[in-house]
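To start, the structure under review is shown below, and the notes come after it.
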Amino acid sequence: MTMKSTAERPGLKLGHSMKPRQLTMMGLGSAIGAGLFLGSGAGVQAAGPAVLISYLVAGTLIILVMWALGEMAAANPNSGAFSVYAAKAMGRTAGATVGWLWWLQLVVVIAAEALGAAALLFTVWPVVPVWALSLIFMAVFTAINLAGVKNFGEFEFWFAILKVAAILLFLGIGTALLLGWLPDVESPGLSNFTADFAPAGLGGIATALFVVIFAFGGTEIVSVAAAETENPQHSVGQAIRTVVWRILVFYIGSVFVIAAVLPSTSEELASPFAGVLNVAGIPGAGAAITLVAVVALLSALNANLYGASRMVFSLSERGEAPRFLSKINKTRVPVLAVAVSVAFGFLAAVLELAFPEKILPALFQLVGSTCLMVWGSALVSQLILRRRADREGTVLPLRMKGFPGLTIFGLVLLALIFAVGFSSPDSSKQLFSTMALVAGIAAACWIGARLTRNRSAAPAEEAQQADQADPVDVGK
């Protein structure tokens with residue numbers, strides 16, 4: 001954690017033009033997307049009002065993870081972020097496995113958010129089919145990501161501002177509805193909480209937990225973007241503190257309103273924000289919030305595409321991905337890294353044409369537990385690297401408070417989430433699938449490292465043998 005990364009080759013440096021305010025809003029942009037505007041409804045369907053327990057557990061964990069990441073990112077800002085930290089703490093294979101797992105997760109999330117935005121827009125503008133809208137979104141945001149990090153950061157800043165304002169307005173209307181302040185609208189009160197708080201029991205909470213974890217996934221992108229930020233040592237700490245409390249307020253506040261207004265059996269949960277506003281009887285509000293939700297999903301798509309391209313760029317720089325993925329254009333954007341990161345999004349749009357309304361639910365299920373693996377690696381890395389830094393007497397620009405107790409508490413909480421997850425057939429299937437995926441990636445990374453090491457060692461060995469066979473006689 002004390003050494004600056006030497007992974008990026010001279011002449012291929014990324015820029016440092018992202019501003020602290022853009023970094024903060026990017027953290028919000030990546031987290032406030034499909035998981036909140038669509039996934040919150042699925043969480044309420046699974047657990048009823050008890051979904052709030054899932055949000056509190058996942059929220060506590062993400063706070064600890066972000067604190068740990070903030071400490072490491074301030075000490076070593078790198079586009080590979082937690083992948084680089086895992087490599088420093090646990091070895092090359094661990095770092096490459098975490099990097100590829102996170103990249104695959106974001107690639108799936110990008111596709112999910114393009115399809116989610118298209119499906120929402122289609123509900124208020126049923127002219128262009130969902131698959132075609134998804135293709136348009138993918139093309140537009142690919143172009144935005146190729147325009148340079150400064151322009152990208154400014155675009156993301158205003159996108160995030162819009163959806164934060166919309167969520168605050170939603171919370172205001174929802175509070176007025178619950179308190180009975182809206183004329184000619186009967187308040188549902190807290191009857192959903194008192195009648196049947198956990199209709200599906202512990203299994204429902206476990207199922208909802210993985211929906212919620214998917215929702216919080218992407219927050220860690222702040223540590224990736226730190227490498228292209230002005231004064232990262234200061235910016236990272238400020239961004240993480242701001243992002244964490246805002247996300248908790250927005251998520252838990254919004255979900256409380258949704259769970260209080262809409263019962264777990266309500267069809268309105270397919271678009272929960274619009275459903276609440278329809279109950280409030282505000283003309284046109286449902287359509288308006290749906291359009292805001294579209295913007296929110298596209299903002300998250302934008303941020304996650306940035307994160308995915310930087311991670312695979314870092315993997316390429318470290319020899320864990322093909323070297324051509326580290327090619328940078330004049331605006332210091334890794335062009336081919338962006339291209340491979342959007343490819344699945346275009347494929348998912350085509351699959352939506354062949355299998356309407358089946359692709360998005362499958363994508364939600366695919367990536368839920370991968371977040372847990374990434375977060376676990378971040379906590380373990382911070383535990384190892386912080387102890388190493390303390391042992392060596394290294395001064396860190398940002399130190400996580402309560403170490404090692406809070407880091408260990410985060411790991412215990414993570415273990416409990418896995419235990420609860422294995423108690424539910426749905427979530428246990430997802431966990432086993434994720435573990436198999438991690439094992440497969442780790443095996444591929446280990447084999448790749450062995451092959452790379454052998455290829456690089458062969459020329460050196462041949463040169464040494466040639467020197468021994470044909471010594472230079474300097475006496476002639």
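Rule-based calculations on the coordinates, nothing more; no lab input. What you see is a predicted model, and the numbers here were worked out from it, not measured in a lab. Here the Cβ positions follow ideal geometry from the backbone for every residue, glycine too, while neighbour counts run over all protein chains shown.
Quick notes on this structure:
- Entry note, the chain: the mean residue ellipticity at 222 nm calculated from DSSP H runs of n ≥ 4, each adding -39500 (n - 2.57), is -25000 deg cm²/dmol after division by the residues and rounding to the nearest 500.
- Computed over all pairs of different Cα atoms, the Kirkwood value for the hydrodynamic radius of the chain is 23.1 Å.
- Protection proxy ranking, peptides 48-54, 419-425, average beta carbon neighbours within 10 Å, highest first: 48-54, 419-425
- The magnitude of the dipole of the chain, with charges of +1 and -1 set on the Cβ of Lys/Arg and Asp/Glu and taken from the Cα centre, is near 1320 debye.
- Space enclosed by the convex hull of the alpha-carbon atoms of the stretch 113-247, per residue, Å³: 184 Å³
- Distance (nanometres) between label positions extended 7 Å along Cα→Cβ at Val128 and Lys401: 4.8 nm
- Extended-chain gain in nm, criterion 0.36 nm per residue less alpha-carbon gap, Ser433 and Ser187: 84.2 nm
- Whole-Hz Karplus values for the stretch 126-132 come out as x, 10, 8, x, 4, 5, 6 Hz, taken residue by residue from phi with 6.51 cos²θ - 1.76 cosθ + 1.60 and θ = phi - 60°; glycine and proline positions read x.
- Shown in residue order for the stretch 376-385 are the 3J(HN,Hα) couplings computed by the Karplus curve 6.51 cos²θ - 1.76 cosθ + 1.60 at θ = phi - 60°: x, 5, 5, 5, 5, 4, 5, 4, 6, 5 Hz (x for Gly and Pro).
- Calculated FRET value between Leu291 and Asn231, using beta carbons and R₀ = 30 Å, to 0.05: 0.25
- Note that the stretch 334-348 has calculated 3J(HN,Hα) couplings of x, 4, 6, 5, 5, 4, 6, 6, 9, 4, 5, x, 5, 5, 4 Hz, one per residue in order, obtained from phi through the Karplus relation 6.51 cos²θ - 1.76 cosθ + 1.60 (θ = phi - 60°); glycine and proline are x.
- Proximal lysine pairs, the chain, alpha carbons under 25 Å, eight or more residues apart or interchain: 21
- Estimated distance in nm for a label pair at Ile447 and Arg388, the labels positioned 7 Å out from Cα along Cα-to-Cβ: 2.8 nm
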